[in-house]
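My questions all concern the structure below.
The values are calculated or read from the model by the stated rules, or taken from the named source; none is laboratory data. Here the structure is a predicted model, which means the values were calculated and not measured. All Cβ positions, glycine included, derive from the backbone under ideal geometry; neighbour counts span all protein chains shown.
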Amino acid sequence: MPLLAPVIRIIGNFPWKSVYHEGKTLPMHRSTWMLLGTSTFALAANPNSGAPDFHLAARPNQGLLEIRALAPEAHHFNLKAPMILELHSSVARRLAPRQAEERELVFQMPAHTRSPFQVSLYVCNNENTYCEKKSLGGVWNPESRRLMVRAD
């Protein structure tokens, strides 16, 4: 009976963006499968397990606008990873959250602003098998007191 040589193939084309690990943002690539003899070993995360988008809510509070990022069900925010609200005005500003909990982050900015902003953070599943960088953009309309959100 001939010996079977290990066969390594790259299959799939899963467009992973990045993963946060030990203080570094690392690029993710394709899934890899290894076939050894008659046994198959999967060496990649389930492509259907990507983190869902978080939710944004806003409310004026004493001259400031509170932007709340809410984690999706069965997920939390990685509090050790970067958490930024970037305000795109005449002078770009990067704001850290005023309050940070695993399920909710609170950012504050001037309530009268009409400038678009982007919130970027890492969403992880509660089993801690993956964390994924997510970004949502928004624009606050002070007259209508409405937040318009777009996925970036």
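Does residue 132 satisfy the condition of being in contact with a His (Cβ under 6 Å, 6 or more places away or on another chain) and modelled with pLDDT of 95 or more?
When the stated conditions are applied, residue 132 does not pass them.
When only residues in the stretch 113-134 that are part of a loop (DSSP other than H, G, I, E, B) and charged (D, E, K, R) count, which is nearest to residue 79 (Cα to Cα)?
Among them, the one singled out is 127.
Test residue 148 against the stated conditions and say whether it is out of contact with any His (no Cβ under 9 Å at 6 or more places or on another chain), assigned to a strand (DSSP E or B) and free of Cβ contacts under 8 Å to residues at least 40 places away in the same chain.
Yes, satisfied.
Given the conditions (1) out of contact with any Leu (no Cβ under 9 Å at 6 or more places or on another chain); (2) within 19 Å of residue 140 (Cβ to Cβ); (3) of a type outside the set (A, V, I, L, M), which single one is not true for residue 125?
Tallying (1) out of contact with any Leu (no Cβ under 9 Å at 6 or more places or on another chain); (2) within 19 Å of residue 140 (Cβ to Cβ); (3) of a type outside the set (A, V, I, L, M), residue 125 fails exactly one: (2).
Is it true that some residue in the stretch 114-133 is hydrophobic (A, V, I, L, M, F, W, C) and surrounded by fewer than 17 Cβ atoms within 10 Å (Cβ to Cβ)?
Within the stretch 114-133, not a single residue is hydrophobic (A, V, I, L, M, F, W, C) and surrounded by fewer than 17 Cβ atoms within 10 Å (Cβ to Cβ).
Which residues, counting only those in the stretch 74-94, are in contact with a Phe, Trp or Tyr (Cβ under 6 Å, 6 or more places away or on another chain), farther than 14 Å from residue 137 by Cα and not small (Gly, Ala, Ser)?
78
Could you give me the residue pairs with C-beta distances under 9 Å whose first residue belongs to the stretch 125-141 and is within 11 Å of residue 51 (Cα to Cα) and touching a residue at least 24 places away in the same chain (Cβ under 8 Å), whose second residue is aromatic (Phe, Trp, Tyr) and in a strand (DSSP E or B) wherever it lies, and which are 6+ apart or on separate chains?
131/20; 131/122; 132/20; 132/122; 133/20; 133/122; 134/122
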